[in-house]
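This report concerns only the one structure given below.
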Amino acid sequence: MLSERELAFITLHKDCYPRVFGFVRRRVTDTELAKELAADVFRVAWQKWDEAGAAEPAWLFAVARNLLGNAYRSHERQQALHLRLREASTAIDAHTADEGNDDVDCAMAGLREKDRDVLQLAYWDELSIAEIAVVLQCSESAARVRLHRAREAFRKAMPARVEAVSQKMGA
């Protein structure tokens, strides 16, 4: 059996949901987002029911307006993040093309996964031997040996490419 509170909330939802949904839908382009935001309005109303008493339609619209503001800000932050990631990706691609890192990429691709991991931890992530040991869950001496072996494997993978580049540069 439903409590008085639950029955009152069901009545409020039945009476006000179409109006709240319409209010939200006119302000966002995505129908699914509008449904989600309208549902969130009633989630907040349920959570605050005891504080607000019987929620009035105007209060529901105020909640909807606040949730819309949050959604707009979230969307703007997400767009800014995507823009920064695109710019960073473009800068990295340009940097990679300028430095001829294709040789490094090919050499890295030819290494065992363990060797690639330890080299990336040391050079890309700039971790110390102690930090590498923690990541790899081994002792510092084992991390040092792994890094040494990975460097040797990398050197063996690079000579043919390095010699070709050196000859092109007249060295």
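Each reported figure results from applying straightforward, stated rules to the coordinates on display, with no laboratory input. All values reported here derive from a predicted model rather than from experimental measurement. Quick reminder, even Gly has a Cβ in these numbers, built from the backbone with ideal geometry, and neighbours come from all protein chains shown.
Things to note:
- Between segment 57-83 and segment 1-52, the Cα center-to-center distance that results, in Å: 16
- Whole-Hz Karplus values for segment 10-18 come out as 4, 5, 4, 4, 4, 6, 9, 4, x Hz, taken residue by residue from phi with 6.51 cos²θ - 1.76 cosθ + 1.60 and θ = phi - 60°; glycine and proline positions read x.
- Considering only alpha-carbon pairs that sit under 8 angstrom and 6 or more positions apart, the relative contact order computed for segment 4-91 is 28 percent.
- About its Cα centre, segment 4-91 has a charge dipole of approximately 380 debye under the convention of +1 per Lys or Arg Cβ and -1 per Asp or Glu Cβ, with nothing else charged.
- Once the Cβ-Cβ distance of GLU76 and TYR17 is raised to the sixth power relative to R0 = 22 Å, the FRET efficiency obtained is 0.20.
- Inter-label distance for ASP50 and THR90, nm, one decimal - labels placed 7 Å from Cα along Cα-to-Cβ: 5.4
- Ranking of ILE10, ILE132 by count of other Cβ atoms within 10 Å, fewest first: ILE10, ILE132
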